[in-house]
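The values are calculated or read from the model by the stated rules, or taken from the named source; none is laboratory data. Since this is a predicted model, take the numbers as computed values, not measurements. Cβ atoms come from the backbone with ideal geometry, glycine included; neighbour counts cover every protein chain shown. These accessible areas exclude ligands, DNA and RNA; they are computed on the full protein's heavy atoms, side chains included. Shrake-Rupley method; radii C 1.70, N 1.55, O 1.52, S 1.80 Å.
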Amino acid sequence: MGVMPSMSDQAFTREQGRCLLRTAEAAIAHGLSHGCALPVDLAEVDPVLRQVAASFVTLTIDGQLRGCI
């Protein structure tokens with residue numbers, strides 16, 4: 001198995017960040033209302049955002065840690 005390049009030093013553009021946020025919000029809403037994952041057409045997604053990678057998300061409410069995913 002090959003070593004994946006690190007994206008830790010790579011920042012997303014403002015538009016890529018907005019796209020990620022819109023997709024996350026839509027995925028949560030879709031999952032809650034339909035009980036399944038949001039279908040996504042990868043052909044319409046920025047190639048940078050299609051790269052295989054990992055993420056770590058910290059959830060906070062009013063600055064207080066609520067959990068991590």
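Give the range 29-68 a look and list any residue that's under 23 Å from Thr13 (Cβ atoms), out of contact with any His (no Cβ under 8 Å at 6 or more places or on another chain) and without any contact (Cβ under 8 Å) to a residue 24 or more places away in the chain, or say none.
Val40, Asp41, Leu42, Ala43, Glu44, Pro47, Arg50, Ala54, Ser55, Phe56, Val57, Thr58
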Members of the range 13-26 found to be closer than 17 Å to Ile69 by Cα and in contact (Cβ under 8 Å) with a residue 12 or more places away in the chain, listed by number: Leu20, Thr23
Condition check for Gly17: in a helix (DSSP H, G or I) and open to solvent by less than 80 Å² (accessible area, probe 1.4 Å): yes
